[in-house]
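Shown next, in structure tokens, is the structure this report addresses.
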Amino acid sequence: MKRKKLKKIWIIIAVVLVAVLAYPCFVTVQIVTHGYGIGSVFKIVTTGIKDQVLESSYSKTLEEALKNSDFDKENVDNYLTIEYHEKKNFIKRINNLISKGYSESDINLINEKISDTVVEELYDHELIKDIANYLEFDYFKSENLFRYIDYYYGDYEEAVLYVNIGLDKEFYEDANIVTEFSTTVLANKYNKLDETFEPNNITQIKSSCSVGDEYLSKEAQVAFEDMCDAALNDDMHILANSAYRSYENQQEVYDTYFNLYGQNYVDNYVALPGYSEHQTGLALDVKARDYNTFRNSPEYEWMLENSYKYGFILRYPADKQDITGYKNEAWHFRYVGKEIAKYIYENDITYDEYYAIFLDK
């Protein structure tokens with residue numbers, strides 16, 4: 001009887017011992033099946049985070065953290081939900097952002113959209129609680145983050161869009177220099193055409209659609225003549241009054257109007273040389289054959305309703321001076337191509353806005 005009892009005790013001891021010895025192997029298998037390497041498994045077990053790991057999906061960020069000297073056990077839950085990025089000192093970067101108070105979702109956006117240089121500035125900056133509201137836009141620019149924050153006045157979209165245009169700066173301050181021609185080139189009070197800038201394939205507009213000798217870049221010239229002919233079919237007579245101007249020509253125009261009407265006038269209606277769309281070869285001033293004031297002509301109304309069909313837009317609409325920098329010029333039209341012109345027409349925006357949203361990458 002005693003022998004049977006002793007045997008039973010030894011069996012129990014053996015089962016317990018096997019279970020004790022097998023448990024680490026079982027845990028190891030569980031962690032490995034989650035996707036972690038053997039080296040990571042050892043650290044997961046020894047640091048006491050196996051339960052957190054087993055309750056979550058595999059995390060490349062955690063695995064990299066486990067290999068890194070910057071690993072912080074307190075941040076394991078964050079590592080498990082933060083997406084991994086191939087960035088220098090990535091774990092240290094995450095730790096710094098966590099310590100500033102940024103959430104996992106914010107950190108994921110920051111890692112995706114903000115450059116290393118700007119992230120380093122975040123370490124020394126107070127927590128930006130609403131940072132995600134700036135980062136959500138496709139046209140967000142990392143280098144402009146702090147300018148967005150300074151400009152913000154209640155509308156995140158406008159803050160991002162308007163800063164990208166340059167509206168937080170003084171006119172002509174720190175302008176971008178443009179040297180290459182394209183049909184989407186932007187010339188405004190923040191983007192200056194170089195003195196040597198010249199449009200491609202400057203071509204004379206036919207005399208029936210022009211007052212004197214006027215020129216446009218070939219694509220714009222063809223489109224304008226098509227529009228001119230279409231207008232004539234509707235008994236409308238539109239003429240190019242002033243089209244391409246060189247840098248030097250624009251200087252002459254500016255000086256003339258400045259001498260005639262003064263600084264306030266040129267600030268509102270005349271561009272400094274280099275900042276004029278006329279130098280692109282894609283813009284022109286239009287007049288109606290039988291009217292001295294284009295705004296009062298039926299041709300003006302026709303242009304408002306039809307110019308986009310030929311790739312032209314009214315460049316400086318009414319009530320948009322805060323964006324374009326110019327008062328309404330009913331006569332000034334710009335060629336941008338049919339697709340862009342249609343979008344601008346249907347969405348009632350300026351070319352400055354379109355460029356900042358879709359083209360300024």
Q | Given charges at Cβ of Lys, Arg, Asp, Glu: the chain dipole, positive-most of ASN233, ILE94, VAL270 | A | ILE94
Q | Residue with peak Gaussian network fluctuation, the chain [Cα springs, cutoff 10 Å], from THR196, THR280, THR350 | A | THR196
Q: Please report, in debye to the nearest 20, how large the charge dipole of region 176-359 is about its Cα centre when each Lys and Arg carries +1 at its beta carbon and each Asp and Glu carries -1 there.
A: 80 debye
Q: Would you please give the residues with an amide H less than 5 Å from that of HIS237, counting only those at least 5 places away or on a separate chain, with H modeled from the backbone geometry?
A: ARG289
(Q) What is the angle, in °, between the Cα long axis of helix 338-347 and the longest principal axis of the Cα atoms in the chain? Nearest 10 is fine, range 0 to 90. (A) 80 degrees
Q: Would you mind computing, in nm to one decimal, how far apart the modelled labels at GLU112 and GLU158 are, each placed 7 Å from Cα along Cα→Cβ?
A: 2.7 nm
Q: For helix 2-33, report the angle its Cα long axis makes with the longest principal axis of the Cα atoms of the chain; keep it between 0 and 90° and round to the nearest 10°.
A: 10 degrees
Q | Sorted by Cβ neighbour density within 10 Å, fewest at the top, the residues ASP70, ASP352 | A | ASP70, ASP352
Q | Most fluctuating residue given options TYR265, TYR79, TYR351, as computed from a GNM of the chain linking Cα atoms under 10 Å | A | TYR265
Q) Only one of the listed values, (i) 127, 42, 36; (ii) 82, 45, 44; (iii) 62, 52, 48, was derived from the coordinates as Cα extents along the principal axes in Å; which label is it? A) (i)
Q: Evaluate E = 1/(1 + (r/R0)^6) for ASN347 and LYS218, where r is the Cβ-Cβ distance and R0 equals 25 Å; express this FRET efficiency to the nearest 0.05.
A: 0.35
**Q.** Cross-link pairs beyond the 24 Å C-alpha cut-off, checked among LYS169/LYS327; LYS113/LYS192; LYS141/LYS327; LYS206/LYS338; LYS141/LYS338
**A.** LYS113/LYS192; LYS141/LYS327; LYS141/LYS338
(Q) I'd like the Karplus ³J(HN,Hα) series for region 78-90: coefficients 6.51, -1.76, 1.60, θ = phi - 60°, whole numbers in Hz, and an x wherever there's a Gly or Pro. (A) 5, 4, 5, 10, 8, 5, 7, 9, 6, 10, 4, 6, 4
Q | Per-residue ³J(HN,Hα) for region 256-271, Karplus 6.51 cos²θ - 1.76 cosθ + 1.60, θ = phi - 60°, Hz, x for Gly and Pro | A | 4, 5, 5, 5, 7, 10, x, 4, 4, 5, 5, 4, 8, 10, 10, 7
**Q.** Top positive-direction residue, dipole computed over the chain with Cβ charges, set LEU127, THR61, GLY166
**A.** THR61
Q. If contacts are Cα pairs under 8 angstrom and at least 6 residues apart, what is the relative contact order of region 176-359 in percent?
A. 21 percent
(Q) Please list 3J(HN,Hα) in residue order for region 140-152, calculated via the Karplus relation 6.51 cos²θ - 1.76 cosθ + 1.60 where θ = phi - 60°; whole Hz, with x for glycine and proline. (A) 4, 10, 3, 5, 9, 3, 6, 5, 4, 4, 5, 8, 4
Q) Remind me, what semi-axes does region 176-359 give for its equivalent ellipsoid, largest first in whole Å, using sqrt of 5 times each Cα gyration tensor eigenvalue? A) 23, 19, 17
Q) Once you put a point 7 Å from the Cα of TYR123 and another 7 Å from the Cα of LEU54, both along the Cβ direction, what distance in nm separates them? A) 3.7 nm
Q) Please identify the trypsin sites (Lys or Arg not before Pro) of region 95-163 that satisfy two criteria: DSSP loop assignment and at most 12 other Cβ atoms within 10 Å. Which are they? A) LYS129
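Counting DSSP beta bridges in the chain, what percent are antiparallel, to the nearest 5?
Details: 14 of 18 bridges.
Approximately 80 percent, going by the DSSP bridge assignments.
Readers should treat all values here as calculations from the given coordinates under stated rules, not as data from a laboratory. This structure is a prediction, so every number in the text was calculated from the model and none was measured. Don't worry about glycine lacking a Cβ; one is built from the backbone with ideal geometry, like all the others, and counts go over all protein chains shown.
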